[in-house]
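Asker: This is the structure I want to talk about, given as structure tokens.
FYI, it's all coordinate maths here, none of it is from the lab. The structure presented is a predicted model; accordingly, all values stated were derived computationally and were not measured. Don't worry about glycine lacking a Cβ; one is built from the backbone with ideal geometry, like all the others, and counts go over all protein chains shown.
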Amino acid sequence: MSEQIRKDLEDQCRERLGRPKLRVLSVDPIPEGHSGFTYFVGIDDGTGPRRFVLRLPPPGARIAGPADVVRQGRIMSALHDAALPAPAVPVLTSDPVVDGRPFILMDAVEGTRIEKAGIEQRPVDIAASAVRVLKSLQALPLDQTGLGGEAPVGLQAEMLRWLWLMERAPDELTTRAGDLGTLLAQEIPAERPPTLVHGDYHYGNMLFRGPEVVAVLDWEIAEIGQPLLDLGCLCIVSHRRKYEGAPNPGGSIDVPLEELYNLYGADPDEMRWYLALSLYKYASIFGYNLMLHRRGKRPDPMYEGLTDTIVGMIDEGIALLEPNGAQETKR
């Protein structure tokens, strides 16, 4: 572990928690996931050792967007206070005090990841719990989300967000991305009242006890926006099963799209556009991360296994928005 991180964290916890004899026993990187700079921390404050989770932004990163860990901490703290499945956050600060960086310290929630839960539990039970939690998150008043002061993001701005990433993905994989973007722009649906949006709401960002979701994590791209965006994220998990052999960190949960729509109470015709947008969105994210990997800026060989997925997602999004594409939303 980094001795500097351990020492700085110990000093901060002693001061901010009022525990002058508190000791940070260990700081160990969490191997799962692809977000980086997340650590299991062992702390003994005199009552026995406990486990926490530390989140830091990348060294030298501009504190905005996914690197704004304090913003993420505010969201999780607000959700925990509302008795929703998120960890408590005993310490967070925007001051650059742990290895020269701001930080959040969360309780470590005891739960299993989707890789294990997906084997042991019925897929429909897992999906039903995820949808129930999603609807509870969306029912939370905006001023209780931790983002109450932020302006809602409309669907046009949402599309532009992913266009920016798509334009930086490898050109050979995104030759038809412009066609999909044009179709999406031509069919933007009427907007609903805005809610809290996780932005990457899939099973890989959850912890489970049995089939029940006990924590929703990784709020890096959260916003106030359109509620069906997060249902679209869950749909992508089911949709990606067709790419056999490709990595699927969201969890290979076999639940038909029609079942997800029924669980949520969504209109399949309305979801056709949101599913197409989600295909565009994840193709852009995977493509952008692949570019970063190939340039050595954020090495992660997982993304080399997603080239066919990127191309396929763009093609499928186009098919959804072309005439007769509504049939795809029921598969």
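Asker: How tilted is helix 3-17 with respect to the longest principal axis of the chain? Cα atoms for both, answer in degrees (0 to 90, nearest 10).
Answerer: 80
Asker: Project the alpha carbons of segment 3-107 onto their principal axes and report the range along each, largest first, in whole Å.
Answerer: 36, 34, 27
Asker: I've got another one for you. Compute the distance in nm between two label points, each set 7 Å from the Cα along the Cα-to-Cβ direction, one at Arg294 and one at Ile188.
Answerer: Modelled inter-label distance: 3.1 nm.
Asker: How large is log10 of I(q)/I(0) for segment 125-248 at q = 0.11, 0.17, 0.18 Å⁻¹ when the intensity is taken from the Debye formula with one equal scatterer per alpha-carbon?
Answerer: The calculated log intensity ratios at q = 0.11, 0.17, 0.18 Å⁻¹ are -0.45, -1.04, -1.13.
Asker: For segment 277-293, take each phi angle, set θ = phi - 60°, evaluate the Karplus expression 6.51 cos²θ - 1.76 cosθ + 1.60, and give the result in whole Hz per residue in order, putting x for glycine and proline.
Answerer: Per-residue couplings from phi come out as 5, 5, 4, 4, 4, 6, 4, 5, 5, 5, x, 5, 5, 5, 4, 4, 4 Hz.
Asker: Show which aspartates and glutamates lie in cross-link reach of Lys7 when reach means a straight Cα distance below 20 angstrom and same-chain residues fewer than eight apart are skipped.
Answerer: Lys7 reaches Glu15, Asp28, Asp44, Asp45, Asp95, Asp99, Asp107.
Asker: Measure nothing fancy, just the Cα-based angle from helix 69-81's long axis to the longest principal axis of the chain, in degrees from 0 to 90, nearest 10.
Answerer: Tilt of helix 69-81: around 90 degrees.
Asker: Working out 0.36 nm times the residue gap between Ala83 and Arg50, then minus their Cα-Cα distance, what length gain in nm do you get to one decimal?
Answerer: Going from the current span to full extension adds 9.7 nm.
Asker: List, in order, the whole-Hz ³J(HN,Hα) value for each residue of segment 299-311 obtained from phi through the Karplus relation with A = 6.51, B = -1.76, C = 1.60 and θ = phi - 60°; use x for Gly and Pro.
Answerer: Whole-Hz 3J(HN,Hα) from phi for segment 299-311: x, 6, x, 3, 5, 5, x, 10, 5, 5, 5, 4, 4.
Asker: If I histogram all Cα-Cα distances within segment 68-197 using bins 5 Å wide from 0, what percent of pairs lands in each bin?
Answerer: P(r) over segment 68-197, rounded to whole percents: 2, 8, 12, 12, 14, 15, 18, 12, 5, 1.
Asker: Can you compute the modelled spin-label distance between Gln4 and Trp164, with each label point 7 Å from Cα toward Cβ, in nm?
Answerer: Once both label points are built, they end up 2.9 nm from each other.
Asker: Suppose we look only past 17 Å in the calculated P(r) of segment 199-240. What percent of the Cα-Cα pairs does that tail hold?
Answerer: 35
Asker: According to the Kirkwood expression over distinct Cα-Cα pairs, how big is the hydrodynamic radius of the chain, in Å?
Answerer: So the Kirkwood estimate lands at 20.8 Å.
Asker: Non-local amide H neighbours of Val91 (under 5 Å, H modeled in plane, Pro and chain starts lacking H): which ones?
Answerer: Long-range HN contacts for Val91: Leu105.
Asker: On full extension of the chain, what length is gained from Arg23 through Ile221, given 0.36 nm per residue of separation minus the C-alpha to C-alpha distance?
Answerer: 68.0 nm
Asker: Amide H to amide H under 5 Å from Ala266: which residues, 5+ apart in sequence or cross-chain, H placed 1.01 Å off N in plane?
Answerer: Counting only residues 5 or more places away or on other chains, the set is empty.
Asker: Still on this structure: What full-extension length gain, to one decimal in nm, is calculated for Asp171 and Arg16 as 0.36 nm per residue of separation minus the Cα-Cα distance?
Answerer: Stretched out fully, the Asp171 to Arg16 stretch lengthens by 50.9 nm.
Asker: Is segment 197-316 rounded, prolate or oblate when judged by the Cα gyration tensor, a ≥ b ≥ c being the square roots of its eigenvalues, rounded requiring a/c under 1.5 and prolate requiring a/b larger than b/c?
Answerer: prolate
Asker: Could you give the angle, 0 to 90 degrees to the nearest 10, between helix 123-139's Cα long axis and the longest principal axis of the Cα atoms of the chain?
Answerer: The answer is roughly 80 degrees.
Asker: Given H placed on each backbone N at 1.01 Å, which residues far from Asp254 in sequence or on other chains put an amide H within less than 5 Å of it?
Answerer: Excluding prolines and chain starts, which carry no amide H, there are no hits.
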